[in-house]
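Take a look at the following structure, please.
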Amino acid sequence: MSLKDILTLIAVTAALVAAVPSAFADELEDIIQSGVIKIAVPADFPPFGSVGKDGQAEGYDVEVAKLVARDLGVKLELVPVTSPNRVAYLLTGKVDLVISSLGANPERAKVIAFTDAYAPFYLGIFGDAKTQVQSAVDLAGKTIGVTRGTIEDAELTRLAPKTATVQRFEDNALTLAALASGKVDLIATGSATAGSLSRKSPGKAEKKFVLRDSPAHVGVRKSEPDLVAWLNVFIHYHQKPGGELDALAQKWLGQSLAGLPPF
């Protein structure tokens, strides 16, 4: 190989290396530069997110999204999602983040990254006070409603006896409605969701047993360590007692973030 050929090869290699940063742009920097962030929030999951009487999105996750945009100094675009489509919206670039009561599990971790937890949450079996259920064994012969594609769907599928009937619905509103109308004996859902039905119809969504503790995390596309790091600083800065996240949790969820596990 001639000296000219070697110099040409070095020049081409250098050009390719220089092109790597632009090919794999930092999303945090992109968001700041664009001045806009698109965040997925729940459309049907009070008190985390729902449509208020004024037609506007409201709830804990909605206010957390507003706080993220404020601290970044960018304009916020709220994108309503349901449990089955929220990860897909992130993977296809329709949103930059998912702040939608998203629980972490190994399957989801194969395709997206998670921040530390920003909200307490547990999954359980709920039903009418008259329905006697204390464990998974007692689900035999019962019809249990669950929202399709959620962690509680996976947990229920794993634990339910063969004689139990699992009926899946496309969103949380339909799952709650099925219990309220008597179409199902029980539902598998999150503590906050069941709480919203209990407030409207006392005794209708009593906790039977806990499926698993599942705090909520912000979902981020993989290979974005700077964005995850910024969000973790944001979460820990605001969740301390007296912080804005802690105040929002007490307002919407009725509990403090003190002692919230990082994962």
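May I ask you to compute the full-extension gain from ALA88 to SER198, defined as 0.36 nm times their residue separation minus their alpha-carbon distance, rounded to one decimal in nm?
So the extension gain works out to 36.5 nm.
Taking the mean number of other Cβ atoms within 10 Å as a proxy for protection, how do you rank 147-156, 82-91 from highest to lowest?
For the peptides 147-156, 82-91, the packing ranking is 147-156, 82-91.
Something else now. In debye, nearest 20: dipole of the chain around its Cα centre with unit charges on the Cβ of K, R (+) and D, E (-)?
820 debye
Still on this model: Tell me which of GLN239, PRO47, ALA194 sits at the most positive position along the dipole axis of the chain, charges placed on C-beta atoms (Lys, Arg +1; Asp, Glu -1).
Most positive-ward Cα: ALA194.
Which of VAL111, VAL218, VAL74 ends up with the largest GNM mean-square fluctuation for the chain, with Cα atoms connected below 10 Å?
Ranking VAL111, VAL218, VAL74 by mean-square fluctuation puts VAL111 first.
Next question, about the same structure. Assuming R0 = 30 Å, can you tell me the calculated FRET efficiency for the pair GLN250 and ALA177, based on Cβ-Cβ distance, to the nearest 0.05?
0.55
Same structure again: May I ask what percent, to the nearest 5, of DSSP beta bridges between residues of the chain are antiparallel?
Of all bridge pairs located within the chain, approximately 55 percent are antiparallel.
Which whole-number percentage describes the relative contact order of segment 122-213, with Cα contacts under 8 Å and a sequence gap of 6 or more?
Averaging sequence separation for qualifying contacts and normalising by length gives 48 percent for segment 122-213.
Can I ask one more? Tell me, Kirkwood radius of segment 122-213 from alpha-carbon pair distances, in Å?
Computed over Cα pairs of segment 122-213, the Kirkwood hydrodynamic radius comes out at 12.5 Å.
Across segment 174-180, in residue order, what do the Karplus-derived ³J(HN,Hα) couplings come to in whole Hz, using 6.51 cos²θ - 1.76 cosθ + 1.60 with θ = phi - 60° and x for Gly and Pro?
Karplus-based 3J(HN,Hα) across segment 174-180 equals 5, 5, 5, 4, 5, 6, 4 Hz.
Tell me, what ³J(HN,Hα) does each residue in segment 216-227 have, in order and in whole Hz, if you take phi through Karplus 6.51 cos²θ - 1.76 cosθ + 1.60 with θ = phi - 60° and put x for Gly and Pro?
Couplings: 8, 10, 7, x, 9, 5, 5, 6, 10, x, 5, 5 Hz.
Follow-up question, since we're still on this one. Quick one: work out the % antiparallel among DSSP beta bridges in segment 122-213, nearest 5.
About 60 percent, rounded to the nearest 5.
Could you compute the FRET efficiency for VAL210 and VAL51, with r as their C-beta to C-beta distance and R0 at 30 Å, rounded to 0.05?
0.55
Values in this text are rule-based calculations from the coordinates and carry no lab data. All of these numbers come straight from a predicted model, not from anything done at the bench. We place every Cβ from the backbone using ideal geometry, glycine too, and count neighbours over all the protein chains shown.
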